[in-house]
Every structure is written in structure tokens, then in C-alpha cells.
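This report concerns only the one structure given below.
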């Protein structure tokens, strides 16, 4: 995809810092200004590695990558329902990770999956569970599928659709 990780990470941090400080959103770096949007996830972890927020989109919902990244960064910091909104005092301790997603592709079965290489989307009707690739502790396809099922409230006996995707990951 060819983006500078440092530029993406710095912009996400600047957007959150601005929002928490009551400043207007910073202009996107020139490199991102007109870049077409991609699905992306922004993850925030403490310096000790504890998850503090993770939100994203599987497919673009905005016109540019800068807009997509900014909205997902704010969602991770302020609207992840598992956590309280991030406080400005916490921001310095946060380590950012950004995943840019390829378009999901249907797979016929678990044999086409690899949790180290592919993210996974498990769906049943309108319910959908997603897991990014290469997550510590997720060492088998079965575990990856189980986590996605649990996230979506899909019972083990229910038939599901499987889609995989790759990511380009940038981390601080």
C-alpha cells in the first residue's frame, strides 16, 4: 500500500491530542491528503501492552485515508464501549498501532485461513465478528473462529460465512 507508518501514527496521535485539548483537527499530512480511503483499525495500548481501545472499519466509510484514520483514531480513544474515554493525561503512555486492510475475500473453509497471516470475518445473518491477524495468544484457526463467533454472538452450531483479509501494520 506504500504509506509511511511514521506519518500515519503521528497523524492519529495529533488528531486525538487535538480533540482531547479542544483544538481543531489538524490538517492531514500532504502524503495522506488525497489518498483514497481504506478500511483501517486503530489500536491503543498502554506502554505495558494492555489494550486501551481498538476501533476500525472493514471497508472505507470516508472519502480519504486521512479522514478514515482520524475517525477511527477518535473512535478507539473515545468510543470503544469496552473502555472509558481516553483522558489527555493518559495519551503520552499510549502506544498506537494502525492496520490498513485489504478488501475481504470469501474462503470456502478453515483450511484457507492462517491466524498469523490473515484477519478473519465470521458472519451469520446480520451478525459479524472480526479479528485482526497476528494477535498474541491466537495460535490456531479454531481459536480465531471461536473468538469471532463470541464477538458476534454466533453459537457453535450455527453455520457461518468466512472471509479473510491481510493488513499492513504500523506500530509505535
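Each value in this text was obtained by applying a stated rule to the coordinates, not by laboratory testing. For clarity, every value in this text was computed on a predicted model and none was experimentally measured. For neighbour counting, all protein chains shown are included, and Cβ atoms are generated from backbone atoms with ideal geometry for every residue, glycine included.
Quick notes
- What the pair-distance distribution of the stretch 1-84 shows, using all Cα-Cα distances binned every 10 Å from zero, is 18, 53, 27, 2 percent.
- Cα-projected label distance for residue 30 with residue 82, points at 7 Å along beta-carbon direction, nm: 3.9
- Fewest neighbouring Cβ atoms within 10 Å first, the residues 118, 3 line up as 3, 118.
- Over the chain, all Cα pairs binned in 5 Å intervals from 0 give whole-percent P(r) values of 1, 9, 17, 20, 19, 15, 11, 6, 2, 0, listed from short to long.
- Here the Gaussian network model covers the chain, with springs between Cα atoms less than 10 Å apart; of 154, 135, 16, 135 fluctuates the most.
- The chain: most fluctuating residue of 153, 39, 129 per GNM, C-alpha cutoff 10 Å: 153
- Euclidean distance of C-alpha centroids, the stretch 75-119 and the stretch 34-51, integer Å: 6
- Theoretical ellipticity at 222 nm over the chain - DSSP helices of four or more residues, -39500 (n - 2.57) apiece, nearest 500: -8500 deg cm²/dmol
- In plain terms, the chain from residue 112 to residue 21 could stretch by 28.2 nm, reckoned as 0.36 nm per residue minus the Cα-Cα distance.
- Here the contact order of the chain, divided by its residue count and restricted to Cα pairs under 8 Å and six or more residues apart, works out to 22 percent.
- Shape category assigned to the stretch 98-154 from the gyration tensor of Cα positions, a/c cut at 1.5: rounded
- Neighbour-count order for 93, 99, fewest beta carbons within 10 angstrom listed first: 93, 99
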